[in-house]
Each structure stands twice: as C-alpha cells, then as structure tokens.
Amino acid sequence: MFMKQRWFIFTLWFLIVTAVTVPVSFYLTPYAFMTGVRLVTDLKADENTMFHARVPDHTNDMVVMTSPDLLYSLCVYDLSDTDLLVESDVPDAYWSVSFFGADTMNYYSTNDRKVATPAFRKIVTTDPTKTGPDYVLAPDTTGAVIIRIGFTPDTVDALRQVQLSGQCRPTSA
C-alpha cells in the first residue's frame with residue numbers, strides 16, 4: 001500500500017511540474033532567442049543601426065548554418081523613443097527583408113520581386129495612427145530586421161556594395 005501511495009504522489013508531482021514548465025518554456029523560448037540575438041549583436045553593432053556581416057564562412061557564422069551564398073545585414077531595434085527608417089538598394093538579384101517582433105514572429109517581409117523601385121524604404125513604428133505604404137506597424141517596441149542578398153562568386157563584390165547601402169536609423173517622421 002505504501003509503495004502505491006509513493007508511486008501516485010510521484011506521478012502526480014511529475015504531471016503538475018510538467019503541466020507548468022512545458023507551456024512556460026514554449027512561451028519564453030522566442031523571447032530567450034531574441035535576447036540571444038540582442039546579446040550577439042550588441043558586441044558588434046549598436047541598437048537602431050545596421051550591422052553588415054561579412055561574406056559567410058565557417059569562421060564567422062552568427063547563426064547556425066548560415067547560407068554560404070547570402071549576404072546578411074541585421075538591425076536590432078528599439079522603438080521606445082522613436083520610429084525607425086529602414087532603407088536599402090534593391091539589386092537585380094535575390095534580395096529580401098524581414099521584420100521580426102520581440103517574440104520572433106515575422107510581421108512583415110518582402111523581396112526583390114515585390115519591390116517595384118530600385119530602393120526599399122519603410123518607417124517602422126508602433127503608432128497605429130501612422131498608416132500608408134511608407135509605414136510598417138510593429139507589434140512590439142523591440143525586434144529585428146534582417147536583409148538577405150543572394151550572390152555568386154562573380155557578383156559578390158558588386159552585391160557587397162548593395163549590402164552596404166542598407167541602413168536603419170532613428171527618425172522623427
């Protein structure tokens with residue numbers, strides 16, 4: 001009888017701990033990931049400025065399994081005091097931009113096929129009264145913007161110049 005009680009108490013305790021920790025872990029994991037991104041980029045770039053990674057290889061992987069044929073630019077932002085202007089030239093090659101909230105959810109993205117002009121320009125804001133094609137409404141005051149540009153060995157030098165055109169900076173718009 002005593003062993004049955006111990007088994008029951010242990011099982012009940014295990015179920016309660018699991019029922020609490022698993023959902024909490026799933027909820028907190030994206031925030032922990034973004035905190036890691038913020039810590040890594042804090043070592044390399046300031047907040048609300050664009051960091052342009054070098055051509056990826058095994059010695060400078062910022063994330064696990066970076067694509068070896070993409071140039072990456074990253075901006076970790078904080079919109080607490082200002083809006084953020086994000087702009088970049090758009091090449092005649094693969095190009096994409098993605099905006100992520102603090103929970104790692106992608107809330108806006110586009111690519112070279114959808115941008116009709118040779119330059120991309122958006123203002124990221126948390127103010128819902130600012131609307132229109134120039135604005136992107138962010139769900140949180142913190143997040144990240146990543147720009148990717150596809151290259152080949154023949155085009156890497158020219159596309160590196162396009163990569164360096166990418167900027168994110170505070171604006172009073």
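Just so you know, all these numbers are worked out from the coordinates, no wet-lab data involved. What you are looking at is a predicted structure, and each value in this text was computed from that prediction instead of being measured. Neighbour counts run over all protein chains shown; Cβ positions are idealised from the backbone, glycine included.
For the pair residue 109 and residue 82, the difference between a 0.36 nm per residue extended length and the Cα-Cα distance amounts to 7.6 nm.
Sorting the Cα pairs of the stretch 50-171 by distance into bins of 10 Å, from 0 upward, gives 13, 45, 32, 9, 1 percent per bin. Fewest neighbouring Cβ atoms within 10 Å first, the residues 21, 59 line up as 59, 21.
Listing 98, 67, 80 from fewest to most neighbouring C-beta atoms within 10 Å gives 80, 67, 98.
Can you give the FRET efficiency to the nearest 0.05 for residue 164 and residue 46, using r as the Cβ-Cβ distance and R₀ = 25 Å? Computed FRET efficiency for residue 164 and residue 46 comes out at 0.90.
The peptide list 137-150, 116-129, put in order of mean Cβ contacts within 10 Å with the highest first, becomes 137-150, 116-129. Residues whose amide H comes within less than 5 Å of that of residue 166, counting only those at least five positions distant or on another chain, are 89 (H built at 1.01 Å from N in the peptide plane).
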